[in-house]
Structures are given as C-alpha cells and as structure tokens.
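Notes follow once the structure below has been shown.
Values quoted throughout were computed directly from the atomic coordinates according to the rules given, and no laboratory measurement underlies them. Worth saying up front: this structure is predicted, and the values here are computed from it rather than measured. Cβ sites come from the backbone with ideal geometry, for glycine too, and all protein chains shown count toward neighbours.
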Amino acid sequence: MTALEAPLRPSIGARASRLLHGCISSPGNIALTLALLLLAGYVLPPLVGWAIVDGHWGTGPEACAPVDGKQKEGACWAFVGARWSQLVYGPYPESEHWRVDAVFALVLAAGVALLSRSVKRKGLIGLALILVAPPVAGVLLAGGVFGLPAVPVSRWGGLMLTVTLAGAALAGSLPLGLAVALCRRSSLPVIRILSVGYIEFLRGVPLVPLLFLVMSILPLLLPPGTDLPLLPRAIVAFILFNSAGMAEVFRGGLQAIPQGQFEAARSIGLSPAKTMALVILPQAVAIVTPGLLNVAVAIVKETTVILIIGLVDFLNQIQAGLADPKWLLGDQVRDSAYLFAGLVYWAVCFGLSRVSARLELQRERRG
Amino acid sequence: MTSRPSAAAVAIQAAVLILLGAVLWLAASNAVANLTRLGINTGLGFLWRPAGFAISQTLIPYSESSTYLAALAVAALNTVLLAAVSIALATPIGFMIGLGRRSANGLLRGVSTGYVELLRNVPLLLQLFFWYFALLRPLPPPRQSLTLLGAVALNARGLFLPVPIATEGSAAVFVALVAGIALAVIAAHLLARRRERTGDAARTVPVVLALALGPGVLAALATGMPFHWDVPHLQGFNYQGGLAVQPELVAMTLALSLYSAAYIAEIVRAGLDAVPRGQIEAARALGLRPVMVNGKIVVPQALRVIVPPLGNEYLRLFRNTTLAAAIGYPDLTMVFGGTVLNQTAQAFEVMLILCAVYLAINGGVAALINWYNRRLAVATR
C-alpha cells in the first residue's frame, strides 16, 4: 500500500471532538449521555470496590470466613487460588500434571502457529496438526504406553477436560465437515442425498438431545460387552454436531470459488482430485477461515454443556467447588467464582473472535 | 445430470449403499443382542401407559396418572412457551442494541458494543447459572419479596404477575375486538392498494389502529369493563392468585433472550450497514422528514437483509432451550430425554420421538421464515 492509497485517519483530537459532539448534539442526546453516565456511576464503583478494594486474596476458606458471625463483604478470590489445581487439572494425579502442561503447551503452540501473521505454509502446518496432534495428546494424557502410567478417562477433569473436548471436537469435525461438504457437491445423487440428510438432521437436532442420543444409543450399537466411557461418547456427539456446522461453512467457501477456476484447472489437464487439492481448496480455506474460527468459538462455549451428562469440565469443577461445605460462606464466593469463569471463557472466545474479524477484514480489503 | 450415469458412478454409489447397509446391519444386530441381554421392551406401547411422575409446570391438565404421551405434550408445550417468550423479548432488545451500535452518541455506541462483545463471548450455560444460581435463587422468601407497584412480586419461589380475568359480558368485547381487527386488516389491504395506484399515502397507521382497537374499547366501555385484575397477594407463606412463573422459567427466559439479543443486535447492525448511504442522502434531498427516511427508505431495505439471519437466530434460540436440563426447567429434552428415558429404558423409541419433535418444529419454523422471506423479496420487486 503506498502512502497515497493509505486511508485518511483523522487525528486523535479530531476524533475526540467528534465523539464529544455526538454525545451532546441534541437535547435528547444530552439526556441519554447523562443517563448512561449515571448508570455507569451507579454500577462501576461498587463493582470495582467489591472485586478489588474489598476482595480477599488468601489461599484458603478462612480468608473469606465470617468474622465474629459477621459475613465478609467483597469478592472471595481465595476460592480460585485454593482450588486452582482442581480447576485446571481436575482429579488428574498430581505427579502426572506435567503431561497436562505439555498438552496445554501443544495447543498453545498450535494456536500461535495457525493464527499469527508471520508464519507461512499454514495449510501444511494445519494438516500436520490435525493428523498428529490429537493422537500425541491422547497418548500423553491417557498413558499406558512408553512407560507413562495409565490415567483412566474418569480422572480427567477441569480446564484440561474442557481443552481436550474442544480440541478433539475441532480436530474431528474439521475433516469430517470438509468431507461432507465435498460429498454435498458430488454429482452422484446417492452421495449427495446422504450428505444433505446428514447435515439437515444434525442442524435440526439441538446439541443436548444429540448428546443424550449418543449417550444412550451408541453403547447399544456396539458389540455386547463393550464398555465405552462417557468422555469418548461425548466427543463423538460433539464431532457429529459440529461437523454439520463446519460443512455449511465449507460449502459457503466452495460456492464462492468462481466456475472459471474449475474450468481453468480442467483445461490445463488436472484431474478432479488435483483440481480440488491444488486449486479449489487452498482458495476456499482462505475464504472460510473466519467462519471456521466462529465455529471454534461456538465449540469452546458449548463444551460447558457436558456437565448435563455429569462430566466435570472447568465450569462443573467450579460448581463442584461451590458445593463443598468448606466454601459455603455466602453469596460472594459463588459470585467471584462465576466472574472468574466468565473472564476465562471470555478471554478465549473474545480473542478468537477478534482474530476471525481481523481475517475477514483483511480479505475484504484484498477484494 | 442429463447424461446417462457412467458405470463407475453406478458402481461407487452401489458400493456406498452396500457399505452403509452393512454398517447398519451390524449395528442393528448388536442392538438386538444388547436389548435382549438387558431385557428392554420394544415398541411404542409405552406411550399409552401412565407416566407416574409429576411435572413442575403444566400448561394443559396433567397428573401422575396421565400417559407418557400426555407428558410428551406437556413438555413440548413448555419448550414452545419458553422459546416464544424468549423470542418476544430478545427481538426488541436486540433491535434497540443494534440501533445503539449505530447511534450518533459515542457513549451509547460503546455501551452497546460492550453488551454484544460480553454476552456473545461467554457460554450461555454460564450466563444461565449466573441468572439462576447467583440472582434468582438467593432472592428473599415470599414474605420479603421484591414488589413493583404492589402488583408484581419477585422472590425465591418465582415471579408473580397479575392477570386479567374475564367476567360476565366479556364475550361481546371479544367479538367486537375480533371484528375490529378483521376490519383493520381489510382496510390496510385496501389502503395499500390505493397507495400503489395513486401514490397517495393516506393516514394508514391511525386509520388501521383506530379500526383495530376502537370497537373493542367502545364495547368494553359500553358493557362497563367486564374484567378485573387477579393480583397476586401474600397469604400465609406464599403468594396466591395471579400468574406464578417458576424461577427456572424466569432464569431460562432471561438467559436466552439476553444472549440472543446480542446476536440479533449484530444482525440489525449489518442490516443497517447494508443500506447505501446514497439512499439516505437522496431521501433527505427529496425533503423527507427523518421519520419518513427511516420508515420508508432505511427500514424496508434493511429488513430484507435482516430477516433471513434473524430467522436463523430464532431457530438457534429454539435449539438453545434444551439447556433447560441444566437447571431443571421441565422442557422436552429434560422430561423425555431424561425422566422418560430413565423410566422406560427404551432408548431407540424415546430418542426417535425426541429428535422427530425437534426436527418437526425446526423444519416448520424454517418453512415459515422462508415463506415470509420470499414475500418480502417479492414485495420489494
């Protein structure tokens, strides 16, 4: 972009004066501004006072316990501090926490590699991650091989379970969704009809009933005597559910590719498979990345639903902590715990949605 | 495809069908073995047996001796009620916040943006827990209720609202009201035709409103207001009379409508952004008043962009009602996928019915939205 093409950016002073003018341009606007300022004055200082000034930062229940029978005002951050290990690792054995940390590092590295601007060849990295990361993380967490002590799925919990579920749902639904989207464009009627039926069924049935369906039906369909723990069943339900959403996103991307691209690829003698892999998909993936990130945000948010079937994810770990008699010290414990959980989810989802919006904007600018 | 399918295409499709059939056959034989081993009944006969459990909110008569079929109807109505009330609340809130994001007032823009970014990026279930466990459950008992104008009461047992009760002579008012609305619909149609023919925008809105409400109001005055308000009042340890709304429904409604409002706000904002600035400037240059610019130029064009995603958002809200299972509001999923499944153990039948009901409602609403959308598109030519 040359200097001449650079969009004109008004100075900070001009922007501030325009902002101020917008707030007082008419009597109605002045009244609105005053009302909003009053509301902010009514809400914000007490909130800051409660959360920070009067907050209790100790490491045990005694930090928030009533003194002389009088309940303590202010947030109870001691709850978060004291239960940190449970919130992050759940009942995972303490000596094996490093394995969870390694998986967290893997997820973080994958995220940075795929979302940062400077990394090149993201398609290949993404493909390698989808193929390699889930089995590596699975082996690391489950153990039982390479001298790692086995940790049964029933001892997975907390943030670690949330990340595992979200990661597995993402890694599973991406390729499945792409496959279904490609099948939907097939010229073979049987394959097209089957994939349309698949998408319509999974987009019409909400996640919770689908979760119940997989929970109750899947064990009946397996050979008698097979015992499938709750988590794999939940992962199956999440992958199925989100593959339909992914398929719709991919479909939009494939539809956006001009017909001329297909024809040009065919005219230079590429086979249909090569046309897809070398010409169409690279363009389509660039188009759908923001949409895929939005599905990822949705996945992170909907992982909380598994507490309905009794799995102890991050949110359910908080619920479990609040039910602990040691922490029945008043409303402020629960309020601070929910605020903390909200901040954690918000940071992840807001971050991802900002990246999605940035990519969308970049694509629009490029035209 | 007009050409004859090639041999390869036929072979591939046949192979897919055979593979699918084999998987299904394997699954079915496993299922039969499992069902026999576990001694589970099959068939839909259970629907006509007494359910034997109570449901905490019933819109139609239901007792423990009612059938499973009746339980299904009660639960489905609970889901529909929740979705309908939440949509009715989410739409105006979402429109207001969406308009706020395009307001000239920077402070209002900031607050609206903050609302959208906060609500959209926190899991709905956590928001539901906040409303239910942090806000509604710690409310005081009925004796120390929060009250509004002495008519509305909010306490740990739920929300208590006054309801109008029809007394003798109210039938005439209803007839007058229905007749008035019918007249108004006809008048609106005729006035619209006249406007298209002559370009004369006669005072459609006041005429239609007067026709719609006038006869009913006049009849009510003539018969001496045959209604009275049934106001909830404290009696003993709880409120009696009025309309009692259980706290689970209040929490679900709050969570669903505020969450969806954030998405609706974004849809409305995108719709407003889609109207070219030149349209507004041209309308102003023609001397249209601001109300007319919005009503005749901006809103009709924005609506065309807003309606399809708005319909999808309604469907999403409907699907999100299933979170009710987390706090115990007796919706379709909780009653049928939870209690009934546990009692009968007939997973295949129960889940088939459950999915069929969701697919049917989902498909019905989707068809309705498509129909409305087509009408809107045609009307704009």
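Using a ≥ b ≥ c from the Cα gyration tensor of chain B (square roots of the eigenvalues), is it rounded, prolate or oblate, where a/c under 1.5 gives rounded and otherwise the larger of a/b and b/c decides, a/b for prolate?
Since a/c reaches 1.5 but b/c is at least a/b, the shape of chain B is classed as oblate.
What FRET efficiency comes out for the pair B:L44/A:L131, r = Cβ-Cβ distance, R0 = 51 Å, nearest 0.05?
0.70
GNM, chain B, Cα, under 10 Å: largest mean-square fluctuation among B:V299, B:V116, B:V217?
B:V217
Which is the longest part of chain B that has none of the GluC sites (Glu not before Pro) sitting in a DSSP loop with at most 14 other Cβ atoms within 10 Å?
Of all site-free stretches, the longest is B:169-381.
Hey, could you grab the Kirkwood Rh for the range B:32-156? Inverse mean 1/r over distinct alpha carbon pairs, Å, one decimal.
One over the average 1/r among Cα pairs gives 19.5 Å for the range B:32-156.
Reachable aspartates and glutamates from A:K120, Cα under 19 Å, same-chain residues fewer than 8 places away excluded?
Here the aspartates and glutamates satisfying the reach criterion relative to A:K120 are A:E360.
Longest span of chain B, sites excluded, free of chymotrypsin sites (Phe, Trp or Tyr not before Pro) in DSSP loop with at most 15 other C-beta atoms within 10 Å?
Here the longest run is B:54-236.
Taking a ≥ b ≥ c as the square roots of the Cα gyration tensor eigenvalues, with a/c under 1.5 meaning rounded and otherwise prolate when a/b beats b/c, else oblate, which class fits chain A?
Judged from the Cα gyration tensor, chain A comes out oblate (a/c at least 1.5, b/c at or above a/b).
Among the listed pairs A:K72/A:K301; A:K122/A:K301; A:K70/A:K301; A:K274/A:K301, which are separated by more than 28 Å between their Cα atoms?
Check vs 28 Å cut-off fails for A:K72/A:K301; A:K70/A:K301; A:K274/A:K301.
Figure the gain on full extension for B:D230 and B:L209 (residue separation times 0.36 nm, minus the Cα-Cα span) and round it to one decimal in nm.
Taking 0.36 nm per residue and subtracting the Cα distance, the gain is 4.8 nm.
Under 10 Å, Cα contacts only: if you run a Gaussian network model on chain A, which one of A:G167, A:G204, A:G111 comes out with the highest mean-square fluctuation?
Most flexible of the set in this elastic network: A:G204.
By Kyte-Doolittle mean hydropathy of at least -0.5 and Cα axial length of at least 20 Å, which whole DSSP H helices of chain B are selected?
Long hydrophobic helices here: B:7-38, B:68-100, B:106-120, B:170-198, B:204-222, B:247-273, B:299-320, B:347-379.
Mind checking which helices in chain A clear 24 Å along their axis (Cα) and have mean Kyte-Doolittle hydropathy of -0.5 or more, DSSP H runs only?
A:27-48, A:97-115, A:122-142, A:158-184, A:230-255, A:281-302, A:331-366
Taking H placed 1.01 Å from N in the peptide plane, check which residues at least 5 places from A:G143 or on another chain put their amide H under 5 Å from its amide H.
A:V151
Considering only A:P152, A:P27, A:P282, give the residue with the highest GNM mean-square fluctuation for chain A, with springs between Cα atoms whenever their separation is below 10 Å.
A:P27
Counting partner chain Cβ atoms within 10 Å of every residue's Cβ in B:101-112, what's the average?
Taking all residues of B:101-112 together, the mean is 5.
Using alpha-carbon pairs under 8 Å, 6+ residues apart, how would you state the relative contact order of the range B:296-372 in percent?
30
Counting only DSSP beta bridges with both residues in the protein assembly as shown, what percent are antiparallel, rounded to the nearest 5?
Approximately 90 percent, going by the DSSP bridge assignments.
Rounded to the nearest 500, what is the 222 nm mean residue ellipticity of chain B from helices alone, with -39500 (n - 2.57) per DSSP H run of 4+ residues and division by all residues?
-21000 deg cm²/dmol
If neighbour count is taken as other Cβ atoms inside 10 Å, put B:D230, B:D331 in order from fewest to most.
With the sparsest Cβ surroundings first, the list reads B:D230, B:D331.
Show which aspartates and glutamates lie in cross-link reach of A:K326 when reach means a straight Cα distance below 20 angstrom and same-chain residues fewer than eight apart are skipped.
Excluding near neighbours in sequence, the set is A:E62, A:D68, A:E73, A:D335.
Starting from a Cα-only point model with no solvent, please compute log10 I(q)/I(0) by Debye for the range A:130-231 at q = 0.14, 0.21 1/Å.
Rounded to two decimals, the profile gives -0.79, -1.26.
Compute the FRET efficiency between B:R284 and A:F146 as 1/(1 + (r/R0)^6), taking r as their Cβ-Cβ distance and R0 = 60 Å, and round to the nearest 0.05.
The computed FRET efficiency comes out at 0.25.
Distance from the Cα centre of the range B:62-118 to that of the range A:195-216, in angstrom?
The range B:62-118 and the range A:195-216 have Cα centres separated by 23 Å.
With loop defined by DSSP as not H, G, I, E or B, and exposure as at most 16 other Cβ atoms within 10 Å, which is the longest segment of chain A clear of exposed GluC sites (Glu not before Pro)?
A:74-367
Explain nothing, just the number: relative contact order of the range A:86-366, from Cα pairs under 8 Å at least 6 residues apart, as a whole percent.
Taking the mean separation of contacting Cα pairs over the length of the range A:86-366, I get 22 percent.
For labels at A:Q255 and A:S187 in the simple 7 Å Cα→Cβ model, what's the distance in nm?
In this crude spin-label approximation the distance works out to 2.1 nm.
What do you get for Rg/Rh over the range A:76-141 if you use C-alpha atoms and the Kirkwood form of Rh?
My calculation puts Rg/Rh at 1.12.
With a cut-off of 15 Å, note down the residues of the range B:118-151 whose backbone N falls inside the zone around a label point 7 Å from the Cα of B:F237 toward its beta carbon.
From the range B:118-151, the list is B:141-144.
What is the distance, in nm, between label points placed 7 Å from the Cα along the Cα-to-Cβ direction at A:S116 and at B:T36?
6.1
So which trypsin sites (Lys or Arg not before Pro) in the range B:172-210 pass both tests, a DSSP loop state and at most 14 other Cβ atoms within 10 Å of the Cβ?
B:R203
So what J values fall out for the range B:41-48 if you push phi through Karplus, 6.51 cos²θ - 1.76 cosθ + 1.60 with θ = phi - 60°, rounded to Hz, Gly and Pro as x?
5, 10, x, 8, x, 4, 4, 9
Compute the distance from the alpha-carbon center of the range B:155-183 to that of the range A:81-127, in whole Å.
Taking the Cα centre of each part, the range B:155-183 and the range A:81-127 sit 59 Å apart.
Amide H to amide H under 5 Å from A:Y92: which residues, 5+ apart in sequence or cross-chain, H placed 1.01 Å off N in plane?
Counting only residues 5 or more places away or on other chains, the set is A:G157.
Please list the non-local residues whose amide H lies under 5 Å from the amide H of B:S66, H modeled 1.01 Å from N, same-chain partners needing a gap of 5 or more.
Here B:A51, B:G52 satisfy the definition.
Taking the Cα atoms of the protein assembly as shown, report the difference between the largest and smallest coordinate on each principal axis, in whole Å and largest first.
Its Cα atoms span 85, 76, 67 Å along the three principal axes.
What is the distance, in nm, between label points placed 7 Å from the Cα along the Cα-to-Cβ direction at B:I60 and at A:A273?
Result for the modelled spin labels: 5.6 nm.
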